[in-house]
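Chemist: Below you'll find the structure I mean.
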Amino acid sequence: MPENIPVSVCWLRRDLRLHDHSALYHALKTGRPVHCVFVFDTDILDALADKADRRVEFIWHSVREVKQALEQLGSTLQVLHGSARQRVPQLAAQLGAQAVYCNRDDEPQAIARDAEVAGQLAARNIDFYSCKDQVIFERDEVLTGGGKPYAVFTPYKNAWLKKLDDFYLRAYPTERYFDRLAPCAPSVMPELVQLGFQPTNLRELAMPCGMSGAEKLFADFVARIDRYQQARDFPALKGVSYLSPHLRFGTISIRALARHAHYTGGPGAQTWLSELIWRDFYQMLLYHHPHVVNHAYKPQFDALAWGNNPDWFAAWCAGRTGYPLVDAGMRQLNQTGFMHNRLRMVTASFLVKDLQIDWRWGERYFAQKLLDFDLASNNGGWQWAASTGCDAQPWFRIFNPVTQSEKFDPQGKFIRRYVPELDHCPDKFIHAPWLLPRGEQLRCGIEIGRDYPAPVVDHAVARAKTLEMFKRASG
């Protein structure tokens with residue numbers, strides 16, 4: 001492209017799609033040719049201890065699909081590897097860009113990164129524009145009558161719904177302006193191993209990646225959304241959308257999902273919309289209260305006297321606690337990078353309130369393992385379960401892992417899928433196999449303590465200890 005033609009750069013991050021894309025739309029609307037870039041950011045990647053990380057592979061496949069789609073349009077995606085803080089300003093200067101466009105990310109580290117990039121661009125007389133894209137309402141868009149951020153979900157949800165109209169759900173029609181994409185020859189994209197990572201079992205799990213994967217999963221969910229309210233709490237059923245990784249990495253627009261839920265109506269769609277609103281709620285909380293990253297939202301609970309038994313934590317991580325539903329959930333996470341939402345609550349409650357282990361230990365483990373890891377939602381969910389967060393589960397309400405199992409996996413179908421050593425355990429004892437008489441254990445080939453562990457703690461005893469711990473912290 002001739003050097004005297006001004007151009008814009010669209011920097012993709014957690015928005016790996018071309019359609020209904022706020023930053024790309026605003027960049028294209030300027031009329032200047034638009035170059036698209038994605039950076040495999042070493043400031044993030046170098047901190048990942050596991051070099052067989054499903055998230056990196058998911059991103060790699062999704063980035064490749066965006067690149068291929070742009071090349072079919074006569075442009076390309078510049079895929080870089082290095083520190084985004086340096087590479088983006090360097091590329092913008094190299095291209096002679098007048099402006100860089102991106103979609104906002106309100107995680108504290110992302111805010112700091114973007115401020116540094118904006119400063120470097122300003123020093124080169126290049127404008128920096130960030131756009132709202134990953135939520136319906138962000139930051140200060142939904143506030144109390146007193147102009148403060150909400151601290152309770154239900155009033156927030158009511159205000160969110162009251163503010164919602166067609167404007168906020170409207171798609172950004174990027175496809176109208178694809179002729180303004182900068183014409184480019186196909187570029188070279190680094191292979192996964194060149195980034196320092198190894199393939200995982202994503203292909204074996206048949207995990208759909210990229211824009212096409214998101215469309216496939218969304219179409220599948222739309223056909224069964226009416227059953228969502230009834231089926232979503234049962235991990236053995238195909239009840240949830242499985243779209244959370246795609247929302248996390250932006251391979252599908254939140255506006256498309258919220259629009260469908262809002263206009264479809266019915267209990268299933270409305271219950272799912274409520275889950276999408278929770279996502280906005282947690283993003284808003286993180287923006288206004290960044291201290292929650294390392295501290296309890298409620299300061300008094302920073303004083304909780306955690307036991308932090310490392311052997312119990314290791315048993316929890318490995319799915320070897322002796323509580324079958326907890327163990328099944330943890331093994332699902334370790335084997336697939338996914339955990340059913342009901343089980344996220346059950347396993348988190350068990351770690352904090354049965355094992356008296358600091359919620360931050362569990363939060364970090366989920367952050368390492370979850371394919372859909374999102375700082376705001378993960379932190380919000382853990383602080384909800386730990387009763388340390390905003391509008392959290394009251395600390396005196398403690399999940400019983402056995403009754404949760406009986407209620408949400410009554411025949412033990414999910415348990416048997418991930419805890420196969422209990423495959424022959426009778427339904428009557430599948431939720432508490434240590435109660436199986438010894439003679440019955442021998443007949444079923446399940447010796448508790450040998451084939452499957454005995455419970456690491458007694459729930460009733462642990463519950464009493466946790467109540468006392470919270471009472472002391474509450475003053």
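We did not get these values from a lab; they are worked out from the coordinates using the rules stated. Just so you know, these numbers come straight off a predicted model, no measurement behind them. Here the Cβ positions follow ideal geometry from the backbone for every residue, glycine too, while neighbour counts run over all protein chains shown.
Chemist: In whole Å and largest first, what semi-axes does the C-alpha gyration tensor of the range 299-474 yield when each eigenvalue is scaled by 5 and square-rooted?
Modeler: They are 28, 18, 13 Å, listed from largest to smallest.
Chemist: Here are some pairs, K132/K298; K298/K471; K29/K132; K407/K428; which of them have Cα atoms lying more than 18 Å apart in this structure?
Modeler: Violating the 18 Å Cα-Cα cut-off are K132/K298.
Chemist: Still on this structure: Set the Förster radius R0 to 35 Å, insert the Cβ-Cβ distance between A464 and Q86 as r into 1/(1 + (r/R0)^6), and round the FRET efficiency to 0.05.
Modeler: 0.05
Chemist: Apply the Karplus curve 6.51 cos²θ - 1.76 cosθ + 1.60, θ = phi - 60°, to the phi angles in the range 190-195 and return the couplings in whole Hz, x for Gly and Pro.
Modeler: For the range 190-195, the Karplus-derived couplings read x, 6, 4, 5, 5, 7 Hz, x marking Gly and Pro.
Chemist: If the chain between A303 and Q94 were fully stretched, how many nm would it gain, using 0.36 nm times the residue separation less the Cα-Cα distance?
Modeler: 70.1 nm
Chemist: Here is a follow-up. Label points 7 Å out from Cα along the Cβ direction at E447 and E71: separation in nm?
Modeler: In this crude spin-label approximation the distance works out to 5.9 nm.
Chemist: Using Cβ contacts closer than 10 Å as the measure, can you line up C425, C390 from fewest to most?
Modeler: Ascending number of Cβ neighbours within 10 Å: C390, C425.
Chemist: What distance in nm separates the simple spin-label points at F396 and S274, each placed 7 Å from Cα in the Cβ direction?
Modeler: Simple spin-label model gives 2.4 nm for this pair.
Chemist: On to the next question. Just to confirm my numbers, what's the Cα centroid distance between the range 127-163 and the range 269-288 in Å?
Modeler: 10
Chemist: If you don't mind, another one. Tell me which aspartates and glutamates have Cα within less than 18 Å of K465's Cα, excluding those fewer than 8 residues away on the same chain?
Modeler: D302, D354, D358
Chemist: Go through M189, F178, N158 and say which Cα lies farthest out towards the positive end of the charge dipole of the range 141-196; charges sit on Cβ, +1 for Lys and Arg, -1 for Asp and Glu.
Modeler: Among M189, F178, N158, the one farthest towards the positive end of the dipole of the range 141-196 is N158.
Chemist: Can you figure out the FRET efficiency of H291 with Y129, using R₀ = 25 Å and their beta-carbon distance, to the nearest 0.05?
Modeler: Given R0 = 25 Å and the Cβ-Cβ separation, E is 0.30.
Chemist: Considering all alpha-carbon pairs of the range 7-133, what whole percent are spaced by more than 19 angstrom?
Modeler: Across the range 7-133, Cα pairs with separations above 19 Å total 47 percent.
Chemist: How much length is gained on full extension from R364 to Q109, taking 0.36 nm per residue of separation minus their Cα-Cα distance?
Modeler: Contour length minus Cα-Cα distance gives 90.2 nm.
Chemist: Mind checking which lysines have their Cα closer than 22 Å to the Cα of K369? Skip sequence neighbours fewer than 8 apart in that chain.
Modeler: K51, K238, K353
Chemist: I'd like to know which of H35, H61, F399 lies farthest towards the positive end of the charge dipole of the chain, counting +1 on Cβ of Lys and Arg and -1 on Cβ of Asp and Glu.
Modeler: Of the listed residues, the answer is F399.
Chemist: Still on this structure, please answer the following. Please give the charge dipole size of the range 7-133, origin at the Cα centre, charges +1 on K and R Cβ atoms and -1 on D and E Cβ atoms. Round to the nearest 20 debye.
Modeler: Value, rounded to 20: 320 debye.
Chemist: P(r) tail for the chain, what percent of Cα pairs lie past 34 Å?
Modeler: 39
Chemist: Size of the dipole of the chain about the Cα centre, Lys and Arg at +1 and Asp and Glu at -1 on the beta carbon, nothing else charged, in debye to 20?
Modeler: 680
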